[in-house]
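Everything on this sheet refers to the single structure shown next.
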Amino acid sequence: MALDSVQSTLKSVLSEAGFNPARRCYLNYQFALAMLAGIIVVWVMHSWVKPYPASVEYSWMQLLSLIIWQPFIEELLFRGIIQGQIRKRDWGKRSWLCISNANLITSVMFVIVHMINNTPLFALTVLAPSLVFGYFRDRCNSIYPSIIIHSSYNAMVFVGLILHGNVIKITI
């Protein structure tokens, strides 16, 4: 009986954090547009903000972190826990142009955290993607679409470095 209680509690906690199936989200045209929007985001970042030096060195572990672990951890924290808790409140559910107050507050927090190790201009460039991640968290009641989009955007940053002529060295 105690095992059933633990399993039930764990299932509830994971669901509340956004670990819910989102199969219908991936076949939606909005999801496809969000994935394609990453190309525009990367173009803006690399053309206007120039957040990276002309020569960049990555280890394989840093690349894996950039593309897999950082999106997973950031989406769990920001969209899963923070946005999930704020959207429980009536005022957090209110929205304007399909952007909930919970998404807006979470996205501002996401930008502030990105100011820690980046320039303010670079940190501001993560606002639009953050709103996209939060939109899918609200729409699909899941963080899985947000993780996938976030991972693809981060992968596109790496591709953008190459396309903009940055010298990239990958070490073991």
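The values are calculated or read from the model by the stated rules, or taken from the named source; none is laboratory data. Computed from a predicted model, the values in this text were never measured in an experiment. Glycine also receives a Cβ, built like all others from the backbone with ideal geometry; neighbour counts cover every protein chain displayed. Areas reflect the complete protein model, heavy atoms only, side chains present, ligands, DNA and RNA absent. Shrake-Rupley method; radii C 1.70, N 1.55, O 1.52, S 1.80 Å.
Place a label point 7 angstrom from the Cα of Ser55 along the Cα-to-Cβ direction, then list the residues of segment 130-172 whose backbone nitrogen is under 17 Å away.
In segment 130-172, the label zone of Ser55 (backbone N under 17 Å from the point 7 Å along Cα→Cβ) covers 162, 165-172.
Given H placed 1.01 Å from N in the peptide plane, which residues other than close sequence neighbours of Ile168 have an amide H under 5 Å from its amide H?
When sequence neighbours closer than 5 places are left aside, the close amide H contacts are Val56.
So if each residue of separation counts as 0.36 nm, and I subtract the Cα-Cα distance between Ile73 and Asp4, what length gain in nm does that give?
Net length gain for the segment: 22.1 nm.
Using the basic label-point model (7 angstrom from Cα toward the beta carbon), what is the Lys93 to Val44 distance in nanometres?
3.0 nm
Does segment 95-166 come out rounded, prolate or oblate by the C-alpha gyration tensor, with a ≥ b ≥ c the root eigenvalues, rounded set by a/c under 1.5 and, if not, prolate when a/b is larger than b/c and oblate if not?
Oblate.
What is the percent carbon and sulfur in the accessible area of segment 20-91, measuring with a 1.4 Å probe over the protein chains and ignoring ligands?
In segment 20-91, the share of accessible area belonging to carbon and sulfur is 70 percent.
Shape of segment 15-58 from its Cα gyration tensor (a ≥ b ≥ c, root eigenvalues): rounded if a/c is under 1.5, otherwise prolate when a/b > b/c, or oblate?
Note, shape of segment 15-58 comes out prolate.
Hey, got the dipole for segment 79-145? About the Cα centre, +1 on K and R Cβ, -1 on D and E Cβ, debye to the nearest 20?
The calculated dipole for segment 79-145 is roughly 240 debye.
For Lys169, give me every one of the lysines with a C-alpha distance below 22 angstrom, ignoring sequence neighbours fewer than eight places off in its own chain.
Leaving aside lysines fewer than 8 places away in the same chain, those within reach of Lys169 are Lys50.
Computed FRET efficiency, Cβ-Cβ of Thr171 and Ile112, R0 35 Å: what is it to the nearest 0.05?
The pair Thr171/Ile112 has a calculated efficiency of 0.65.
Kindly state, to the nearest 0.05, the FRET efficiency for Leu36 paired with Leu64, given R0 = 30 Å and r defined as their beta-carbon distance.
That pair, Leu36 with Leu64, gives E of 0.80.
Tell me, in nm to one decimal, what length is gained between Ile81 and Lys11 on full extension, where the rule is 0.36 nm per residue of separation less the Cα-Cα distance?
The span from Ile81 to Lys11 would gain 23.7 nm if fully extended.
Over the chain, with the other protein chains present, what is the accessible area per residue in square angstrom, probe 1.4 angstrom?
Heavy-atom accessible area per residue stands at 60 Å².
Out of these labelled values of semi-axes √(5λ) of the Cα gyration tensor in Å, (1) 30, 19, 15; (2) 64, 16, 13; (3) 34, 17, 14, which was calculated from the coordinates shown here?
(1)
Hey, what number do you get for the chain at 222 nm if only DSSP H runs of n ≥ 4 count, each worth -39500 (n - 2.57), divided across all residues, to the nearest 500?
-18000 deg cm²/dmol
For Lys88, which lysines qualify as cross-link partners when the Cα separation must be under 21 Å and same-chain residues fewer than eight apart are set aside?
Cα-Cα hits under 21 Å: Lys11.
Using only Cα atoms, tell me the angle between helix 127-140 and the longest principal axis of the chain; keep it within 0 to 90° and round to the nearest 10.
The two axes meet at around 30 degrees.
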